[in-house]
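Here is the structure we will look at, set down as structure tokens.
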Amino acid sequence: MSLADPTIADREFDGPGRGSEPESRDREAVPLPATTIQRRPPRLPNLLIRGLSFLLREVNEFEITRRKSHFRYCGQHVELSSHCSIWGFEGLSIGDHSVVHQYTHIFASGGVTIGRRVMISVNCSISSVTHPVRMMNRQAAPLEFKPVTIGDDVWIGMGAIILPGVTIGDGAVIGAGAVVVRDVPERTVVVGNPGRIVSSF
């Protein structure tokens, strides 16, 4: 085959573009997949994170100390969660070594007295304030105050509710979710809604 052959001349002297033109068009017809860049979220330096955590703890301790200073009485070594809610600071009295955990609500305007070494779990409610039952009385006197007294060494389980006017004796145990509507003798276990005594010790 001579060099005069046009097919050979085209392949040797016209370059690769002409001979591969159909193939290049096919490649251009297929869209290339879009490349996504994986970016890491910004992270705070460890030193800054530790500094912010320390500052938050200090703010919580200051807030707890401020609350205790407004109580009617606050004993020594009382542990009070920064996430619990208290209304009527001036009506609340807490004895030594007692603990109130987070998300517990205490309505102390009518007077709430908590003894020594009392453990109050999370999500509890203790109220010394209520409304009159009769509608006309609710309009005339919107609130009634009935003091609550909790003795020494009482354990109140998670989610328990202590209604106004109740007295709980020393060493009693209030089960989780119990609704206490009447006085509880000392060294008894109360469960259920309404609360009932299931055992004594």
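Overview of values
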{"quantity": "Check on Gly111, surrounded by fewer than 18 Cβ atoms within 10 Å (Cβ to Cβ) and either at positive phi or among the acidic types (Asp, Glu) (or both)", "calculated": "no"}
{"quantity": "Hits in the stretch 171-200 (condition: over 30 Å from the mean Cα position of the chain (by Cα) and in contact (Cβ under 8 Å) with a residue 24 or more places away in the chain)", "calculated": "Glu186"}
{"quantity": "The one condition in (1) of a type outside the set (Val, Ile, Thr); (2) under 19 Å from Gly88 (Cβ atoms); (3) modelled with pLDDT under 95; (4) surrounded by fewer than 16 Cβ atoms within 10 Å (Cβ to Cβ) that Pro147 fails to fulfil", "calculated": "(3)"}
{"quantity": "Some residue of the stretch 156-165 being more than 24 Å from the chain's Cα centre (by Cα) and closer than 24 Å to Glu186 by Cα", "calculated": "yes"}
{"quantity": "Residue tally, condition over 16 Å from Val112 (Cα atoms) and either modelled with pLDDT under 80 or among the basic types (Lys, Arg) (or both), over the stretch 47-76", "calculated": "18"}
{"quantity": "Failed item, numbered, when Phe89 is tested on (1) touching a strand residue (DSSP E or B) at 6+ places or on another chain (Cβ under 8 Å); (2) free of Cβ contacts under 8 Å to residues at least 24 places away in the same chain; (3) under 28 Å from Thr65 (Cβ atoms)", "calculated": "(1)"}
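The values are calculated or read from the model by the stated rules, or taken from the named source; none is laboratory data. Computed from a predicted structure; not experimentally measured. Using ideal geometry, Cβ is built from the backbone for each residue, glycine included, and neighbour counts are taken over all protein chains shown.
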